[in-house]
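*Asks:* What follows is a single structure, and I will ask about it in a moment.
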Amino acid sequence: MMGVAWPPRGSLQRRLALALTGGVMALWLLATVAAGLLLRREIDEVFDSALQEVVQRVLPLAYTEILAREADAGSDPQRIASVGAHREYITYIVRDASGRRLLQSHDADLAQFPPNPAHGFSDGPSSRLYTEIAVSGTIVVTAAERPGHRQKAVRDATKVLAWPLILLLPLGIAGTWVLVAVTLRPVVAFRHEIEARGSGHLAPVSVSHLPSEIAPVAEAVNALMARVRRALDAERSFTANSAHELRTPVAAALAQAQRLRAELPEGAARARTVEIESALKRLARLSEKLLQLARAEGASLIGEAPEDLVPALRLVLDDLAAEGAVTVTLPPAGRFVSTLDLDAFAILARNLIENALKHGDASQPVRVALTDDGRFSVVSPGPVLEPVMLAAMTQRFVRGTTMAEGAGLGLSIVQAIAQGVGGEIAFVSPATGQAGGLEVVVRLPAATLKAG
C-alpha cells in the first residue's frame, strides 16, 4: 500500500496501525448506527406531522365539496385531479359515517385504507395512517403514506453516513500507518543502535529523542552495556597481562630446557627433556595467540593514515615460506590501500595462512588472493567440511578433528579483527571453483592513498 513495505506481523507498528484504524472505524460505525436511530425518530416525527397536516388541510376542502354535492347523493366519489404528472407519497380518502367514499386523491390505493380506521395515528398492512373524524362523525378523512417511503429515507441517509467509512478505510489505514511510522522513528533508530553494538562497540545509545515510555529501557540497556564493557575490559586486561607476564619465564624455561637437552646423553632423561621443550613451545605459542587476541579485541585496529597492505602480506608470506607451498594473487596495480592497521592486518593474514598450511592437504598449495575491492581470501586444500563444523570455526579453543598443533584461537583472532574494522568474514566449503577445500573470505576496508 502506497509503495511502502508493510512491517512484520508481530511489529508494534502494525499493531498500532490496525488498532487505531479499527478503533476509529468502530467508533464511526457506532456513530452511524446512533445517527440512524436518531434520524429514524426524527423522520417519524416529520412524516407523522406531514400526514396530520395533509388531513387537516383536506378536511375543510372536503367539507365544502360535500355540502356542494349533497343534492347528488348517489354520485360517484370525486377524485381530485392532478395538476401535473407526479407520484404521491401521501394519499388521502374522505368517507362518510357509513364508509362511502366521498373524495380521494388521484393516486390513492384503496388497499392501503382499512374500512373503519380509528381516530389518530395507526399502522395499516403496509403503511402509516392518520385519521380525523369531524362533523359529529359524518366525515372521516384518512391519509396514508406510501409503503416503504420513510424506511427508504432512513436507509438512504444511513448509506450517506456509511459510504465515507468504506471509502476512507484504506486511506485511514495508510494514513495511520504513516503516522505511526513517523512516531516510532526514534524507536526504530534506537533498535538500529542496539543492533550495531557488539563486543567491540559498547558505547551508550542515545536517549535524547526517545519517548518517555522507551527512555527507561534505553537507560537500562546503557547500564547493562556498561557492566558488559567493564567485564570485557577486565577479561582482556587479564588475558593480555597474563600472556605478557608468561612470555619471559616461558622463554627462560624453554632456553634452559634446550640447553639441558643438549647436555644430556641419549636416554630416558633426554626424552623427557624433549617433551618438556615441546610443552614449553606450545605454551609460548599460546601466550603469543592470547596477546594477539587481546590486541584484536582491545586496541584500535584503524591506522593513523591509509597504507598499502601488500608489503605486510609479502613479509608474512616470506616468514611462512618454510611451512609449505603458497600461491598468491595480488591486485593488478600491485597494491591495496586500506585504513586497517598494518600490524593488525599482518596478524590476520598470518593466522589465516598459518591455519591453512597446518590443517590443509600438504600435497597441494594454499591459495591466497587479495583483490581491488578488499576481498582477502585464503583457500586451504582438503575435503569438504560439514556446515556444523563451519559454524564452529570461530569458537575459541575449538580445533576440530585435526591432529596438527595449535591453540584453536587463530580464526577467533581473525574474526575479532574483521569485526573491529566493520568488515565481514565468511567460510565456504567447498572452495569457490573447487570440488573440496575450505575458503575463508574477509572483507577489508578500502581507502585512497594520498599523493605526496
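Per-residue answers, yes or no, for (1) in a helix (DSSP H, G or I); (2) touching a residue at least 60 places away in the same chain (Cβ under 8 Å); (3) farther than 30 Å from S126 by Cβ:
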| position | (1), (2), (3) |
| --- | --- |
| Q151 | yes, no, no |
| A162 | yes, yes, no |
| G172 | yes, yes, yes |
| W177 | yes, yes, yes |
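*Asks:* Being modelled with pLDDT of 80 or more, touching a Leu at 6+ places or on another chain (Cβ under 9 Å) and in a strand (DSSP E or B) is the requirement here; does L51 meet it?
*Replies:* Judged against the criteria, L51 is not a match.
*Asks:* Taking the condition of being open to solvent by less than 60 Å² (accessible area, probe 1.4 Å) and either modelled with pLDDT of 85 or more or at positive phi (or both), how many residues in segment 328-344 meet it? Walk me through it before giving the result.
*Replies:* First pass over segment 328-344, keeping only residues open to solvent by less than 60 Å² (accessible area, probe 1.4 Å): 330-331, 334, 336-342, 344.
Now narrow it down to the ones that are either modelled with pLDDT of 85 or more or at positive phi (or both): 330-331, 334, 336-338.
Count: 6.
*Asks:* Just the residues that are open to solvent by 30 Å² or more (accessible area, probe 1.4 Å) and over 41 Å from the mean Cα position of the chain (by Cα), please, taken from segment 358-381.
*Replies:* K358, H359, D361, A362, S363, Q364, P365, R367
*Asks:* Which residues, counting only those in segment 414-433, are in a helix (DSSP H, G or I) and closer than 19 Å to A203 by Cα?
*Replies:* Just the residues of segment 414-433 that are in a helix (DSSP H, G or I), to begin with: 414-420.
A416, I417, A418, Q419, G420 - these are the residues of segment 414-433 that are in a helix (DSSP H, G or I) and closer than 19 Å to A203 by Cα.
*Asks:* Another question, then. Would you please name the residue that is nearest to E45 (Cα to Cα), looking only at residues in segment 179-195 that are open to solvent by less than 60 Å² (accessible area, probe 1.4 Å) and assigned to a helix (DSSP H, G or I)?
*Replies:* Top of the filtered list is V180.
*Asks:* Scan segment 315-326 and report the pairs whose first residue is open to solvent by 70 Å² or more (accessible area, probe 1.4 Å) and whose second residue is outside any strand (DSSP E or B), with Cβ atoms within less than 6 Å and a gap of 6+ or a chain change.
*Replies:* Note: pairs meeting the criteria are E323/L357.
*Asks:* Separate question: Just for segment 128-149: of the residues that are out of contact with any Ser or Thr (no Cβ under 9 Å at 6 or more places or on another chain) and at pLDDT below 80, which one is most open to solvent (accessible area, probe 1.4 Å)?
*Replies:* S136
*Asks:* Within segment 150-178, which residues are surrounded by 15 or more Cβ atoms within 10 Å (Cβ to Cβ) and polar (S, T, N, Q)?
*Replies:* Listed by number, the residues that qualify are T158, T176.
*Asks:* Hey, any hits in segment 60-69 for a residue that's open to solvent by 90 Å² or more (accessible area, probe 1.4 Å) and modelled with pLDDT of 80 or more?
*Replies:* No, segment 60-69 contains no residue that is open to solvent by 90 Å² or more (accessible area, probe 1.4 Å) and modelled with pLDDT of 80 or more.
*Asks:* Of E288, E307, which residue is at pLDDT below 80, at negative phi, open to solvent by 70 Å² or more (accessible area, probe 1.4 Å) and not in a loop (DSSP other than H, G, I, E, B)?
*Replies:* E288
*Asks:* Quickly run through segment 350-377 and pick out the residues that are in contact (Cβ under 8 Å) with a residue 40 or more places away in the chain and in a helix (DSSP H, G or I).
*Replies:* N351, L352, E354, N355, A356, K358, H359
*Asks:* Still on this structure, I have one more. May I ask you to say which residue of S212, S206, S237 is at pLDDT 75 or above and either open to solvent by less than 60 Å² (accessible area, probe 1.4 Å) or in a strand (DSSP E or B) (or both)?
*Replies:* Exactly one of S212, S206, S237 is at pLDDT 75 or above and either open to solvent by less than 60 Å² (accessible area, probe 1.4 Å) or in a strand (DSSP E or B) (or both), namely S206.
*Asks:* Still on this structure, please answer the following. Looking at (1) aliphatic (A, V, I, L, M); (2) touching a Gly at 6+ places or on another chain (Cβ under 8 Å); (3) assigned to a helix (DSSP H, G or I), which one does A144 not meet, given that it meets all the others?
*Replies:* Unmet for A144, out of (1) aliphatic (A, V, I, L, M); (2) touching a Gly at 6+ places or on another chain (Cβ under 8 Å); (3) assigned to a helix (DSSP H, G or I): (3).
*Asks:* For segment 8-39: of the residues being open to solvent by 90 Å² or more (accessible area, probe 1.4 Å) and charged (D, E, K, R), which is farthest from E88 (Cα to Cα)?
*Replies:* R9
The values are calculated or read from the model by the stated rules, or taken from the named source; none is laboratory data. This one's a predicted model, so the numbers in the text were calculated from it and none came from an experiment. Because the Cβ atoms are built from the backbone with ideal geometry, glycine has one as well, and the counts that use them run over all protein chains shown. The protein model used for the area step is the full one, side chains on, heavy atoms only, and it has no ligands, DNA or RNA in it. Shrake-Rupley method; radii C 1.70, N 1.55, O 1.52, S 1.80 Å.
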